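One structure below.
The values are calculated or read from the model by the stated rules, or taken from the named source; none is laboratory data. Just so it is clear, the model here is predicted, and its values are computed rather than measured. Cβ sites come from the backbone with ideal geometry, for glycine too, and all protein chains shown count toward neighbours.
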Amino acid sequence: MDKLLQMIINQHHQLLVALGQHLALSFMALLIAALIAIPLAMIFKDHRRLGEIALQVAGVFQTIPSLALLGLLIPLVGIGNPPALIALVAYAIMPIYQNTYTGLTTIDPNLEEAAIAMGLSRWMRLRRLELPMALPLIFSGIRIALVMTIGTATLAALIGAGGLGTYIVLGIEQNNNQELLIGAVFSAILALVFSVLLKVMGKSKRNLKIGFGLILLACIGWGGQKTYQHFFAQPQAEIVIAGKMGSEPEILINMYKELIQAKDPSIKIVLKPNFGGTTFLYQALKRNQIDIYPEFTGTVLKAFAKAKTTPQNPQAAYRKAATYLKTQQLTYLKPMAYQNGYDLAVTPEVANQYSLKTISDLASVSDQLTAAFDPDFSHQKDGYLGLKSAYHLQIGSVRSLEPSLRYQAIAQKRVQIVDGYTTDPEIRQFHLVVLKDDQHFFPPYQGAPLMKTSFAKQHPTVVKQLNKLSGRITMAEMQTMNYRVTVKHEKAKTVARQYLLKHHLISAKQK
């Protein structure tokens, strides 16, 4: 608890930003859903057949897994807030529409007849009789939608929309319970607090008016701020730097930020750590949704260029990767010194039991073992798909797990094989045995910043600053930095900055 409180104090600014992002996304989705669902229910209340069809259509969206819906939306509307907002609206419509429709269609027919006999028009009946009587159910639907939206909005972090889900993703990736608790607890508190406020609003007309007034004031204030920023505030250069899942990409993108701002502190850098898998980032870069991300030569050759053969010489592999990327109007800067290649690892007990030293040794017994692989590794040709063919592996059972979870699985002896990277700190932490790639299936993996060629031409200073990492960072240094972030739970920003200071790549005066 002390560590959790200290983390909240130390990260109060980042936490407030995440809270703001989470609230803005959730309430925008709720507002749009209400503006769609309530009028629809009002229209269809006298057309029961159409009303039931609309109810079924809204219910279909509830059956689609949220991650699948986000994945379907990304090719259509890109990444960030748009797909997250659309998905949340789709989920929020059902409870609001269902409760509003039910409230409007279950009013006592005698009351309806009395209102008609008094000469009230359809609009007057709706305003004076039907909506007031249906209000408790309508607010109940909005409360359900709000709680669901706040909870589901945590997934927005997986597609770069930020929010409290960022803490949950980081907690899972770095096996950090404090990060997990911050994301989960604050999401629950938000849902509880606003659920209670909506319940209070629905109790009387006075509370309803006060509540709507406060919401209106908040919307005006938010809209005014956005308008000022768009039309009157001095535009500021912004560079978006993203990273794959895990501690190492987060360390690297923090180094990129420090190096760029060392030369020009006025440039606004937006970091998006744990942004997604390889293909996700690559497509985001090509769509101009991010500007820079660290990529590895072997991944470029296998996953993007679809090369049947790859050079074993690191320099030759880099030249071939850079040449291919040039045809895609992308610029690949000079690589760092260390290689972060794939590997397969087993526990010492399994290595001794089956006399495993190489991946070839694994082939004859692989059907007796179970494995946990990173999602990227499981589905890429430079991962298990290609390795399976090259070594004739037939692993008995393969699970896809996020990076930190697969190491927990092997440490708890739930699986016998995991994939990993040569710089992973867990290899040392759990005393794992890395099997030798005796057929040299894995190509060289040197990391370097990847960006669009147009961006590189527009930002020559950025290119020059990032090239300062060329030939830097040994494997031992990267392993140590990963260990500090993943195992010791130090901040990636701190670890990155300390490395740059130690090697005199930035000045201590830079903040």
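For every residue, the table says whether it meets (1) buried (at least 21 other Cβ atoms within 10 Å of the Cβ); (2) of a type in the set (A, V, I, L, M, F, W, C); (3) part of a helix (DSSP H, G or I).
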position	(1), (2), (3)
Ala34	yes, yes, yes
Ala37	yes, yes, yes
Val57	no, yes, yes
Leu73	no, yes, yes
Pro82	no, no, yes
Ala87	yes, yes, yes
Glu112	no, no, yes
Practice task
Hey, can you tell me all the residues within the range 150-169 that are assigned to a helix (DSSP H, G or I) and either surrounded by fewer than 24 Cβ atoms within 10 Å (Cβ to Cβ) or not assigned by TED's automatic domain parsing to the domain that holds Leu70 (or both)?
Solution key: Gly151, Thr152, Thr154, Leu155, Leu158, Ile168, Val169
Practice task
Could you run through the range 398-422 and say how many residues are closer than 15 Å to Leu344 by Cβ and of a type in the set (Ser, Thr, Tyr)?
Solution key: 3
Problem - Set Gly160, Gly141: member being touching a residue at least 40 places away in the same chain (Cβ under 8 Å), at positive phi and touching a Gly at 6+ places or on another chain (Cβ under 9 Å) - result: Gly160
Handout entry: Odd one out for Met255 among (1) in a strand (DSSP E or B); (2) of a type outside the set (D, E, K, R); (3) closer than 21 Å to Thr422 by Cβ
Key = (1)
Handout entry: Enumeration of residues in the range 41-58 that are free of Cβ contacts under 8 Å to residues at least 60 places away in the same chain and either outside the structural domain of Asn81 (by TED's automatic domain parsing) or closer than 27 Å to Ala191 by Cα (or both)
Key = Leu55, Gln56, Val57, Ala58
Completion exercise
Filtering the range 59-71 for residues that are hydrophobic (A, V, I, L, M, F, W, C), in a helix (DSSP H, G or I) and surrounded by 12 or more Cβ atoms within 10 Å (Cβ to Cβ) leaves a count of 4
Exercise for the section: Sort through Ile359, Ile417, Ile427 and tell me the only one that's crowded, with 16+ Cβ neighbours inside 10 Å, at pLDDT below 90 and of a type in the set (A, V, I, L, M). Expected result: Ile427
Practice task
Scan the range 473-510 for residues that are touching a Phe, Trp or Tyr at 6+ places or on another chain (Cβ under 6 Å), surrounded by fewer than 18 Cβ atoms within 10 Å (Cβ to Cβ) and in a loop (DSSP other than H, G, I, E, B) and jot them down.
Solution key: Thr474
Completion exercise
The condition of being of a type in the set (Val, Ile, Thr) and surrounded by 24 or more Cβ atoms within 10 Å (Cβ to Cβ) holds, among Ile269, Ile253, Ile260, Ile239, only for Ile253
Handout entry: Unique match (being in a loop (DSSP other than H, G, I, E, B) and in contact (Cβ under 8 Å) with a residue 24 or more places away in the chain) among Lys306, Lys272, Lys302
Key = Lys306
Handout entry: Test: Leu180 is within 15 Å of Leu25 (Cβ to Cβ), outside the structural domain of Ser247 (by TED's automatic domain parsing) and either in contact with a strand residue (DSSP E or B) (Cβ under 8 Å, 6 or more places away or on another chain) or at pLDDT below 85 (or both)
Key = no
Fill in the blank from the handout: Per the list (1) surrounded by fewer than 17 Cβ atoms within 10 Å (Cβ to Cβ); (2) out of contact with any Ser or Thr (no Cβ under 9 Å at 6 or more places or on another chain), residue check on Ala337 breaks on (2)
Handout entry: All positions within the range 449-463 that are touching a residue at least 60 places away in the same chain (Cβ under 8 Å) and either assigned to a helix (DSSP H, G or I) or under 19 Å from Tyr318 (Cβ atoms) (or both)
Key = Pro449, Leu450, Met451, Lys452, Thr453, Ser454, Phe455, Ala456, Thr461, Val462, Val463
